[in-house]
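Single-structure report; data block below.
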């Protein structure tokens, strides 16, 4: 046991013997890697540790007591809901405590006012099923159906369906946040009463502090309860079918339909997104990385490579697949109308509809993120941009060009510009750049590419969402601020004067560059670290 | 092995280094397939992760522990053995993982136990007692070997020579004679002659499950040879655990394919389903029951045939020659359902978690012996599901499941009829 006996006893008294352990075999299970999101890379190897102790609280009050005990005995801690988000959601320093929140799985749903109140132990697919059973729905973020709904809502939380119902900021309602010193903040309507139905409360809106664009990964406290806005859905059931691994949701085609279109160019794809938005049709629209098609078709890793190795620069640069989701929220006539409008838009742009299966494996209930590891074994999204469509497309193209310098170790993708889509009915554009590599070969180049993307954003003025904990703060802060880093550290210092909540985040990537020999040549910015 | 020569030989943990090191903590092993996710209740399929909660008890934790063991970073302790053995090896994790990835989770877990035994630390003391029983009396209970055939009623005469050989197994021979008797009567009713082994011994399921591969292999050789000598074309089992042992684990232990056993291994439900579809067996009696069917793990997601494989792992983790992974897709899911649906009066209501998503009863693979509280808890969780769907009876295809459900229902005061499917089939003939 590496935390003091006094601290352990204090913690044990809060949850009981059954829910705390410092046993090495238990703690080993909480190692970040070697597999998983961003795992196998230098950041995971250099920056993560196994915990000295794991504790599983049941209530917000217990979390407060745990955090206060940690402050009393100076035990660093990190909140952990499912452990999905790779090394950045695991311990970074010796003698650290993991606060595993999976027992906090309370769930209530208010059908009349369209919201659910969840604990961090509730995952998206659970929430989605409960919502759909009552005629509502929510976006399952690209992180996957297995994500803690709260963790994803305060971290990422988007998918092609964000085209219609927007980013998660607006769907966070009444929320409880245990600050790094154990004080409880109640946000939204919870600040003035027991009903969490509304996101706005007295005083400044702290939701920006809670997540910004992509969240703070646990270094500004622990969200223990959140009311999440649900949206009205169409009334027909999406019926599960098939046996693993071929399971799918069968769509009621008069109400919900995916249509894939082959478009003549990237410009035509972009125009289609704009025109759909102007016509206010569609439930989702996206251009996904082309190799995802190969993943969907392959029955194994080997089959993926057989399919993918048939591609080349030319086939990739000339293939433009636009996926459109239509949802007839109000009536079957809405489907007829939207499909007609969509077909006219596509026809004018020279596109062509392809046969599309009347099913969904990826976005309504599943968000198949686990499949991203099929082909190489290593995966991370090196950047997200949430700006305009005009901004998102060149962002991906620039990254694709930059990526050539790091391929290998990165997987060959023949210049595919990644994933872009339209959010909030065309008012925002999204670009995500995903990279894959073989973790069993030297992957220093992946670490270097990750950092290089940050520099590329600064050079080319791309508005990244991965500030704060994902890149060196002293590199990004002055460029985006000019004093973003100073403000973030002031906030951190104000709420966490002992720097005890998930240290050394938000300076962990600065620390990584300092510690990793292969990263040092890239350091060309001023920094006290 | 991360690269280079690799095989599916479970006696070497390093064969699964790649698989263990590529676990991504998606916890698809624990949750019900998200497509089938029923909501906030009955949402998991891994008994050990659900009961013990700490990540170490989920496959994601055990994979990390496995890597630590391979790298010599993990010492044996009581807690480590609890993590390795308080697990039903039910295969839920394996099919969950293989929905998206190509990782051999079940084999990794088996290899971990085998390593524990090789290192002189496993299995659990209760398992050693069972092993002694098997060694001494050739059955897991330690009952006198000469009593093995006592289940056979006077009015049933097995054939001296037949295509079908019924391997009764320890449970149906000693503890659940009603299953063996029902099976024999069904075969009689169908006009299917069957023979028995002159000297049947334990199949060794428990030995293999807890990692005692040498003892299990010895039994496999002995039993296969005994069956081959009879000239049987079909080996019939009414026990799902035994079925898996014969069909999957014997070939695995002997590095042969299931197809190379020299006879076909079938469970009663497969045979009856064939007989019904051929018209050889007809249901004439009404069985008025609103019942549910429990997918016994070893008949369902764990039952796909075994094919040995060895080769090389290379770039991107690809293997050659090609490997047909066992993903649980072709388990025996439909035949028992078709049988039950064709019985007059039976109303089959499905449980919320079914087929590859079913929640294990908690009895098998050494769990009940070493962790009886956990086994009862798991059965209790399943019985809550039975209650939620309003079934008056639960039907299983394995005596282990039947006994654990019956015992737990009684302990919990739950009024529920518990049957083996052989009993229901017999009642309808």
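If you filter region A:140-165 down to residues that are more than 14 Å from chain B (Cβ to nearest Cβ) and farther than 15 Å from residue A:211 by Cα, you find that the one that is surrounded by the fewest Cβ atoms within 10 Å (Cβ to Cβ) is A:164.
To keep it simple, each residue is scored yes or no on (1) away from chain B (no Cβ under 12 Å); (2) over 28 Å from residue B:69 (Cβ atoms); (3) in contact with a helix residue (DSSP H, G or I) (Cβ under 7 Å, 6 or more places away or on another chain).
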{"residue": "A:18", "(1), (2), (3)": "no, no, no"}
{"residue": "A:21", "(1), (2), (3)": "no, no, no"}
{"residue": "A:24", "(1), (2), (3)": "no, no, no"}
{"residue": "A:27", "(1), (2), (3)": "no, no, no"}
{"residue": "A:32", "(1), (2), (3)": "no, no, yes"}
{"residue": "A:37", "(1), (2), (3)": "no, no, yes"}
{"residue": "A:45", "(1), (2), (3)": "yes, no, no"}
{"residue": "A:50", "(1), (2), (3)": "no, no, yes"}
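To keep it simple, each residue is scored yes or no on (1) surrounded by fewer than 16 Cβ atoms within 10 Å (Cβ to Cβ); (2) in contact with a helix residue (DSSP H, G or I) (Cβ under 9 Å, 6 or more places away or on another chain); (3) over 30 Å from residue A:196 (Cβ atoms).
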position: A:237; (1), (2), (3): yes, yes, no
position: A:246; (1), (2), (3): yes, no, yes
position: A:249; (1), (2), (3): no, yes, no
position: A:254; (1), (2), (3): yes, yes, yes
position: A:269; (1), (2), (3): no, yes, yes
position: A:303; (1), (2), (3): no, yes, yes
position: A:311; (1), (2), (3): no, yes, yes
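Evaluating residue A:62 against the criteria (1) in contact with a helix residue (DSSP H, G or I) (Cβ under 7 Å, 6 or more places away or on another chain); (2) closer than 29 Å to residue A:384 by Cβ leaves one unmet condition, (2).
Table: residues versus (1) at pLDDT below 90; (2) within 29 Å of residue A:274 (Cβ to Cβ).
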position	(1), (2)
A:406	no, no
A:417	yes, yes
A:428	no, yes
A:448	no, no
A:474	no, no
A:477	no, no
A:480	yes, yes
A:485	no, no
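The criterion of at least 2 residues that are over 25 Å from the mean Cα position of the chain (by Cα), within 30 Å of residue B:324 (Cα to Cα) and in the same structural domain as residue A:326 (by TED's automatic domain parsing) is met, among helices (runs of 4 or more DSSP H) falling completely within region A:263-312, by A:301-308. Set side by side, the residues A:312, A:366 differ, and just one is out of contact with any strand residue (DSSP E or B) (no Cβ under 9 Å at 6 or more places or on another chain) and either more than 24 Å from residue A:280 (Cα to Cα) or more than 14 Å from every other protein chain (Cβ to nearest Cβ) (or both), which is A:312. Of all the listed residues (A:46, A:67, A:75), the sole one being over 27 Å from the mean Cα position of the chain (by Cα) and more than 16 Å from residue B:61 (Cβ to Cβ) is A:75. Based on this model, can you work out whether residue A:509 counts as touching a residue at least 40 places away in the same chain (Cβ under 8 Å), closer than 26 Å to residue A:100 by Cα and touching a strand residue (DSSP E or B) at 6+ places or on another chain (Cβ under 9 Å)? The answer is no for residue A:509. The number of residues in region A:490-521 that are buried (at least 23 other Cβ atoms within 10 Å of the Cβ) and assigned to a loop (DSSP other than H, G, I, E, B) comes to 4. Considering only residues that are within 10 Å of chain A (Cβ to nearest Cβ), in contact (Cβ under 8 Å) with a residue 60 or more places away in the chain and closer than 30 Å to residue B:256 by Cβ, which ones fall in region B:2-27? Result: B:2, B:3, B:18, B:19, B:20, B:22, B:23. Of the strands (runs of 3 or more DSSP E) lying entirely inside region A:18-123, those carrying at least 3 residues that are farther than 21 Å from residue A:190 by Cβ and touching a strand residue (DSSP E or B) at 6+ places or on another chain (Cβ under 9 Å) are A:53-55, A:77-80, A:97-100.
Filter region A:271-294 for residues that are surrounded by fewer than 21 Cβ atoms within 10 Å (Cβ to Cβ) and within 14 Å of chain B (Cβ to nearest Cβ) and give the result. Across region A:271-294, the qualifying residues are A:292, A:294. Of the residues contained in region B:321-339, none is found to be assigned to a strand (DSSP E or B), within 14 Å of another protein chain (Cβ to nearest Cβ), touching a strand residue (DSSP E or B) at 6+ places or on another chain (Cβ under 7 Å) and under 30 Å from residue A:441 (Cα atoms). Does residue A:290 qualify as being in contact (Cβ under 8 Å) with a residue 40 or more places away in the chain, closer than 16 Å to residue A:416 by Cβ and out of contact with any strand residue (DSSP E or B) (no Cβ under 8 Å at 6 or more places or on another chain)? Considered against the rule, which asks whether it is in contact (Cβ under 8 Å) with a residue 40 or more places away in the chain, closer than 16 Å to residue A:416 by Cβ and out of contact with any strand residue (DSSP E or B) (no Cβ under 8 Å at 6 or more places or on another chain), residue A:290 comes out as no. For region B:253-270, the set of residues classified as surrounded by fewer than 24 Cβ atoms within 10 Å (Cβ to Cβ) and touching a residue at least 60 places away in the same chain (Cβ under 8 Å) consists of B:255, B:263, B:270, listed by residue number.
Taking the residues in region B:28-42 that are assigned to a loop (DSSP other than H, G, I, E, B) and over 22 Å from the mean Cα position of the chain (by Cα) as candidates, determine which candidate is farthest from the other protein chains (Cβ to nearest Cβ).
In this case the residue turns out to be B:41.
Could you go through region A:482-489 and let me know if any residue there is under 19 Å from the mean Cα position of the chain (by Cα) and either buried (at least 17 other Cβ atoms within 10 Å of the Cβ) or free of Cβ contacts under 8 Å to residues at least 24 places away in the same chain (or both). There is no residue in region A:482-489 that is under 19 Å from the mean Cα position of the chain (by Cα) and either buried (at least 17 other Cβ atoms within 10 Å of the Cβ) or free of Cβ contacts under 8 Å to residues at least 24 places away in the same chain (or both). Scanning region A:196-217 for residues that are free of Cβ contacts under 8 Å to residues at least 60 places away in the same chain, out of contact with any strand residue (DSSP E or B) (no Cβ under 7 Å at 6 or more places or on another chain) and surrounded by fewer than 20 Cβ atoms within 10 Å (Cβ to Cβ) gives A:200, A:202, A:203, A:204, A:205, A:208.
Scanning region B:283-303 for residues that are crowded, with 21+ Cβ neighbours inside 10 Å and assigned to a loop (DSSP other than H, G, I, E, B) gives B:294, B:295, B:296, B:297, B:298, B:299, B:300, B:301, B:302, B:303.
Filtering region A:161-210 to residues that are over 18 Å from the mean Cα position of the chain (by Cα) and part of a strand (DSSP E or B) leaves A:173, A:174, A:175, A:176, A:177, A:178, A:184, A:185, A:186, A:187. Give me the residue from region B:43-56 that is more than 8 Å from chain A (Cβ to nearest Cβ) and not in a loop (DSSP other than H, G, I, E, B) and, out of that set, surrounded by the most Cβ atoms within 10 Å (Cβ to Cβ). Here the residue is B:48. Against the conditions (1) in contact with a helix residue (DSSP H, G or I) (Cβ under 8 Å, 6 or more places away or on another chain); (2) crowded, with 24+ Cβ neighbours inside 10 Å, residue A:455 satisfies every one except (2). Residues of region A:326-352 that are farther than 13 Å from residue A:272 by Cα and in contact with a strand residue (DSSP E or B) (Cβ under 7 Å, 6 or more places away or on another chain): A:326, A:327, A:329, A:335, A:338, A:339.
The values are calculated or read from the model by the stated rules, or taken from the named source; none is laboratory data. Keep in mind the model is a prediction, meaning the values are calculated, not measured. Using ideal geometry, Cβ is built from the backbone for each residue, glycine included, and neighbour counts are taken over all protein chains shown.
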